[in-house]
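Student: The structure under discussion is supplied below as C-alpha cells; questions concerning it will follow.
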Amino acid sequence: MNVIDRFVEMVSPEKALQRETARWKLETVRNFQNSGYDESGAARNKSSTRGWIASSKTPQEDIDKNIPVLRQRSRSLFMSAPLAVSAIKTNRTNIIGEGLQLKSRIDAEFLRMTPDQAARWQRSAEREFELWAHSKFCDATRVNNFYEIQQVACMSWLMNGDACILLEYDKPTREFPYGFRIHLIESDRVSTPQSTGNNVYLYATDPETKNRIFNGVEVDKNNRVVAYHICSTYPNSNLYAQKKWKRVKAFGDKTGIPNILMIYETERAEQYRGVPYLAPVIESLKQLTRYSDAEMMAAVINGFFTVFVTSEKGTSEIGFTGVIDEEDSVSDDERHYEIGSGMVNMLAPGEKIEIADAKRPSSNFDAFTTSLAKYVGAALEIPVEILIKNFNSSYSAARASLLEAWKAFRMKRAWLAADFCQPVYEIFLTEAIAKGRLRAPGFFLDPLIRMAYCRAQWNGPAQGMIDPLKEVNAAERRIEIGISTRQRETVEMTGGDFESNVAQLARENQLMKDAGLLAGGINSNEEEKGEGKTDGTEDEGDEPPGSSDESEDGGE
C-alpha cells in the first residue's frame with residue numbers, strides 16, 4: 001500500500017477495500033494474459049528476449065534462399081575442420097561402410113511358393129543383381145560400382161543437404177546385358193534456370209507449364225513435384241561460358257517409374273530441398289577451427305622466441321649482429337650465447353636473461369575443445385566419444401554412447417535404403433524380368449505381385465562389440481527366449497547372413513569330416529582328455545579341479 005492507500009484507508013475503509021479489490025482484479029487479468037509461453041519463450045517484456053526478433057516464413061523462404069551459402073560453408077568445413085570431417089565420415093562409415101548388401105525377401109506365401117522355390121528364386125535375383133552392381137558399367141560415368149556410388153551419395157547427402165541421382169539407360173553389351181545406369185550429380189546443378197552462384201531465384205514460373213519452380217524443383221498447383229530443372233554444368237562455375245537447363249520429369253508418363261531420385265531429410269512440410277547436415281553447427285565448428293589455429297600458431301611462435309638478452313647498453317653494442325665493436329675491439333664471437341644441455345654462458349655487466357613464455361597452448365585448451373565437441377555432437381546425434389574417437393570412459397558409458405549413436409545410424413540407413421537402394425533394385429528387377437533373365441509370373445499384371453517380388457532387405461556394417469563374449473551370450477539368450485532370431489542377430493552383430501553361414505559351415509564340417517578331424521580326430525581327442533572346451537572358452541561355472549571327470553582322466 002502506498003501513501004494514498006493508507007490515507008484512504010484511514011478516511012474511508014470502504015473506499016480502500018474497493019481500491020484493493022479493483023487492483024486485485026486487474027492483476028488477475030494481467031496474469032491471465034501473460035500465462036503459458038508469454039512468461040518464457042514468447043515473453044516480449046524481458047531483457048533477455050526483448051531484442052530477439054524471430055520471423056519464420058515458408059520453407060522456401062527459410063531454407064531454399066540460404067541453402068547455397070550453407071552448402072558452400074559446409075564444404076569448406078569438410079575440407080578444413082577436423083570435427084566436421086569426423087562427423088560426416090563417421091556417418092558414412094557406419095551407415096554405408098563397404099556398401100549396403102541386397103538380401104531378397106520375397107513374399108513366398110502370397111506368391112504360393114514353397115520355401116525351397118523361394119530360396120532358389122531369391123538366390124537367382126541376388127546373383128543377377130551382383131552382376132549389375134559389381135560392374136562399373138552400372139555407373140553412367142563408369143567411375144564407381146553401385147556400392148561405391150552409395151558411399152558418394154551418402155557423403156553428398158550429408159555435405160550438401162541432398163543427393164541427386166539420375167536414372168538413365170544405355171545400350172547393353174554382350175558382357176554387360178543390362179542398360180540401366182545410375183548418374184549421380186552434384187546438388188548445385190538442380191537449380192532454377194538463370195540462377196548463378198548464391199543468387200537463387202526462390203520463385204520462378206515454367207514458361208510452358210506455368211508451374212512454380214523452387215530452387216530447381218517444379219511443383220504444380222497442388223504442390224506435387226512434377227519435374228526437376230538440371231543445369232548442364234555448375235551454375236556458379238566459370239569453366240563453361242554457356243549454361244543450359246534441361247527439364248526432367250520426376251516420373252515416367254506411362255510407367256510411373258521415377259526418372260530422378262532426390263535423397264534428403266525432410267524437416268518441414270512442403271520442403272523440396274535438403275539442409276546440409278552441419279548447418280546447425282557451422283558457426284561453432286568455424287570458431288573452434290579458428291581457435292585451434294590461433295593456439296597452434298601461438299605455440300609455434302613461442303617456439304621461435306625462446307630467450308631474450310636485455311642490456312643496459314644500446315642494441316648495437318650487444319654483439320649479435322656480427323659487427324665488430326670498434327670501441328672495445330671485441331668480436332661477436334666473444335658475445336655469442338648458446339642454449340643447450342649443460343651450457344654455461346658468461347653475461348657481460350648490465351645484461352640479464354629473460355625467457356619468453358606466451359603460456360601457449362592454454363591450459364584450458366583441451367577442456368574447452370572437448371566441451372564444445374560435446375555440444376556439436378549432441379546437435380549431430382553423435383556422442384563426443386565417437387565424434388573425437390576417444391574412449392576413456394567405463395564399459396557402460398562407452399556402450400551407452402555406441403547404442404545412442406547407432407539409433408541415428410540405423411535411421412539414416414533406413415532412409416537411404418528406402419529412397420535410393422530399394423527404388424534402384426526395383427527398376428533393375430523390372431529390366432531383368434522384362435529381358436527374361438528372371439522369371440516372375442504376374443509381375444507386370446498386378447501391383448501386389450510386383451511388390452511381393454520386390455521385397456528386400458539391405459544389410460550394412462554391424463554395430464560392433466565392446467565386449468564380444470558378453471554380446472554373444474546376450475544374443476544367445478535373446479534367441480532362446482524367442483525375442484530375436486538367428487538371422488537378425490547375425491546381421492546386427494557381424495553384418496553377415498545366417499543362411500549363408502549355415503551353408504558354409506556345412507561345407508566346412510564335411511571337409512573336416514573327410515579329413516578325419518571331426519570323428520576320432522583332434523577335437524575328439526581333446527574332449528576325451530579334458531584338456532579344454534572345444535570352443536576355447538572357460539566359464540566361471542565350470543567344474544572345479546578334482547571332479548569325477550578329471551579324476552577318471554587322470555586315472556587314464
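The values are calculated or read from the model by the stated rules, or taken from the named source; none is laboratory data. What you see is a predicted model; the values in this text were computed from it and never measured. When we count neighbours, we look across all protein chains shown, and the Cβ atoms used for this are built from the backbone with ideal geometry, even at glycine.
Student: Name, by its number, the condition in (1) on the phi > 0 side of the Ramachandran plot; (2) assigned to a helix (DSSP H, G or I); (3) not β-branched (Val, Ile, Thr) that does not hold for residue 142.
Tutor: (2)
Student: Continuing with this model, one more query. With the condition kept exactly as written, say whether any residue in the stretch 14-26 is modelled with pLDDT of 80 or more, of a type in the set (Lys, Arg), surrounded by 14 or more Cβ atoms within 10 Å (Cβ to Cβ) and over 30 Å from residue 192 (Cα atoms).
Tutor: yes
Student: Still on this structure: Got a number for residues in the stretch 390-439 being outside any helix (DSSP H, G or I), closer than 18 Å to residue 456 by Cβ and among the charged types (D, E, K, R)?
Tutor: 2
Student: Go through the stretch 113-147 and give me each residue that's surrounded by 18 or more Cβ atoms within 10 Å (Cβ to Cβ) and within 28 Å of residue 76 (Cβ to Cβ).
Tutor: Selection gives 139 alone.
Student: Shifting gears a bit: Under the condition of being of a type in the set (Gly, Ala, Ser) and not in a loop (DSSP other than H, G, I, E, B), which residue from the stretch 70-85 is farthest from residue 282 (Cα to Cα)?
Tutor: So, considering only residues that are of a type in the set (Gly, Ala, Ser) and not in a loop (DSSP other than H, G, I, E, B), the one farthest from residue 282 (Cα to Cα) is 80.
Student: Then there is this: Quick check on residue 462: is it under 36 Å from the mean Cα position of the chain (by Cα) and assigned to a helix (DSSP H, G or I)?
Tutor: Answer is no for this residue.
Student: Are there any pairs, at least 6 apart or on different chains, whose C-beta atoms fall under 6 Å, with the first in the stretch 363-390 and over 21 Å from residue 403 (Cβ atoms) and the second of a type in the set (Asp, Glu) and assigned to a helix (DSSP H, G or I), and if so, which?
Tutor: So the pair list comes out as 365/295.
Student: Can you list residue pairs whose Cβ atoms sit under 7 Å apart, with the first residue in the stretch 417-435 being closer than 17 Å to residue 256 by Cβ and the second being part of a loop (DSSP other than H, G, I, E, B) and aliphatic (A, V, I, L, M)? Count only pairs 6 or more apart in sequence or on different chains.
Tutor: 427/257; 433/440
A quick yes/no check of all residues on (1) in contact with a Lys or Arg (Cβ under 7 Å, 6 or more places away or on another chain); (2) closer than 16 Å to residue 178 by Cβ:
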{"residue": "104", "(1), (2)": "no, no"}
{"residue": "134", "(1), (2)": "no, yes"}
{"residue": "146", "(1), (2)": "no, yes"}
{"residue": "159", "(1), (2)": "yes, no"}
{"residue": "162", "(1), (2)": "yes, no"}
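Student: Can you tell me how many residues in the stretch 204-244 are without any contact (Cβ under 8 Å) to a residue 40 or more places away in the chain and farther than 13 Å from residue 189 by Cα?
Tutor: 21
Student: Here is a follow-up. Do any residues in the stretch 469-497 that are in contact (Cβ under 8 Å) with a residue 40 or more places away in the chain have Cβ atoms under 7 Å from those of residues that are assigned to a helix (DSSP H, G or I), where the two are at least six apart or on different chains, and which pairs are they?
Tutor: Qualifying pairs under 7 Å: 497/490.
Student: Only strands (runs of 3 or more DSSP E) wholly contained in the stretch 233-324 count here; list those with 3 or more residues that are at pLDDT 90 or above, surrounded by 15 or more Cβ atoms within 10 Å (Cβ to Cβ) and of a type in the set (A, V, I, L, M).
Tutor: Qualifying strands (runs of 3 or more DSSP E): 260-264.
Student: Moving on to the next point. Pick from the stretch 450-487 the residues that are of a type in the set (D, E, K, R) and under 30 Å from residue 433 (Cβ atoms): which of them is surrounded by the most Cβ atoms within 10 Å (Cβ to Cβ)?
Tutor: Filtering the stretch 450-487 down to residues of a type in the set (D, E, K, R) leaves 450, 455, 467, 470-471, 476-478, 480, 486.
With the extra rule that they be under 30 Å from residue 433 (Cβ atoms), the set shrinks to 450, 455.
Values: 450: 17, 455: 14.
Selected residue: 450.
Student: Taking the stretch 433-461, which residues are within 15 Å of residue 111 (Cβ to Cβ) and basic (Lys, Arg)?
Tutor: Answer for the stretch 433-461, where residues must be within 15 Å of residue 111 (Cβ to Cβ) and basic (Lys, Arg): 439, 450, 455.
Student: Kindly list the number of the only condition in (1) at pLDDT below 90; (2) of a type in the set (Asp, Glu); (3) out of contact with any His (no Cβ under 9 Å at 6 or more places or on another chain) that fails for residue 162.
Tutor: That leaves (1) as the condition not met.
Student: Report yes if some residue within the stretch 86-94 is surrounded by 15 or more Cβ atoms within 10 Å (Cβ to Cβ), in contact (Cβ under 8 Å) with a residue 40 or more places away in the chain, in a loop (DSSP other than H, G, I, E, B) and touching a helix residue (DSSP H, G or I) at 6+ places or on another chain (Cβ under 6 Å); otherwise report no.
Tutor: Among the residues of the stretch 86-94, not one is surrounded by 15 or more Cβ atoms within 10 Å (Cβ to Cβ), in contact (Cβ under 8 Å) with a residue 40 or more places away in the chain, in a loop (DSSP other than H, G, I, E, B) and touching a helix residue (DSSP H, G or I) at 6+ places or on another chain (Cβ under 6 Å), which makes the answer no.
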